[in-house]
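Encoded as C-alpha cells, the structure appears first; notes follow it.
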Amino acid sequence: MKKLSTIVAGAAVGLLALTACGQEGTPEVGGEGEGQAEAPEYTVAEDVDLSDSETWEAANSAGTLKVGVKMDQPGLGNTEPGSDTPAGFDIEIAKITAAALGFAPDQIEWVETVSANREPFLQQGNVDLVVATYTINDERKKVVDFAGPYYVAGQDLLVAADSDIAGPDDLAGSTVCSVDGSTPAQNITDEYPDAELVTYDTYSKCVTDLQSGSVDAVTTDDAILRGYAAQYEGEFKVAGEPFTEEPYGIGMPKDDQALRDAVNDALEASMEDGTWTEAFEYTLGDASEVEQPTVDRY
C-alpha cells in the first residue's frame, strides 16, 4: 500500500472572476483573483483496497494512474508553453480523485485526450479515467460509465468582439466551429441546421479560425469559452447566455461499479470538506455563487 503523502496541485493558471450571468456559477472574463496564489493540497489516502475494480487493480500494480485530460482549454485543462504539466479545474478534480484512490502526483500519467477519442481511450485501456469537460449523456453511458457530475456547464458561443451574433438564433448563414465527437457539435447539427458546421480535433484550432475570420463563431461549453475570452482579452466575447446544460463527469470503463462508487465518494467528500471549492477558486475564481451539483449514482 502507498505511503501517506500530500499532493501539491499543479502550476497556477489565470484566474477568472465569476458572476451569475447566465448559468449560476459560470466563469466570467476577468482578472486574477486575490488570495489564490497557494495551490490546494490533497492528502493521498493510504491502505486503499479496490480489489473489486479491475481498472484500479491494474493501475495499482503498475503504480500509475492514467488520466485523460484536455490540454488546450484555459482554466479547465491547459498546458502552457514550456510546461510539461497541465493545469486547470479538471486537473484539480483529477488530482482530488487520484488522491482518494491512493495515487500521489508522481503516479499520475497525464494523457492528452480530445473529444472524439474519449470513449475509445477508455475502451482500449489507453487511460483509466477521463476528466476532460466530459458531458454525461445516455448515449455515452452505453459504452462507458461516469462518476459525478462535478460541475454543470452550458453550451454557448464565442464570437469576435464586434460580432452581431447574440445567441444561437443568429447562426443562420454563419459558419460555426466545434470539435469532432462533442455534444455541442451535435447540438448545432440537430437544432441549428441553417448554420454551417466545421469541426476539428481541438478547440484551439477553432479559435485560430475565429481569429482569422474563417469562422463566425466557436461553440462549446461556456466555461471553456470564457477561458479563451480571458486569454485573448479584447478580441472575443461570449455571446448571450448558455442554451444547454452540460453536466461534467469523470469517465471510466464500463461496468466497473467499485471504481465508480469510489470516485463518487471522493467527489462528494471534496464538496463536503471544502477541497472542491479550493480547487475551483484556485483555477476559475470566486465560488461564492457556484452551485455544486449533486452526484448521480445511477
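Structural remarks
- Entirely in segment 78-179, the helices (runs of 4 or more DSSP H) that have 2 or more residues that are modelled with pLDDT of 95 or more, touching a strand residue (DSSP E or B) at 6+ places or on another chain (Cβ under 6 Å) and farther than 15 Å from Leu65 by Cβ: 118-124
- Val215 over 14 Å from Asp72 (Cβ atoms) and touching an Asp or Glu at 6+ places or on another chain (Cβ under 7 Å): yes
- Odd one out for Glu80, checked against (1) touching a residue at least 40 places away in the same chain (Cβ under 8 Å); (2) within 25 Å of Asp265 (Cβ to Cβ); (3) acidic (Asp, Glu): (2)
The values are calculated or read from the model by the stated rules, or taken from the named source; none is laboratory data. The shown structure was predicted, so the numbers you read here are calculated from the model rather than taken from an experiment. Cβ coordinates were reconstructed from backbone atoms using ideal geometry, including for glycine residues, and neighbour counts include every protein chain displayed.
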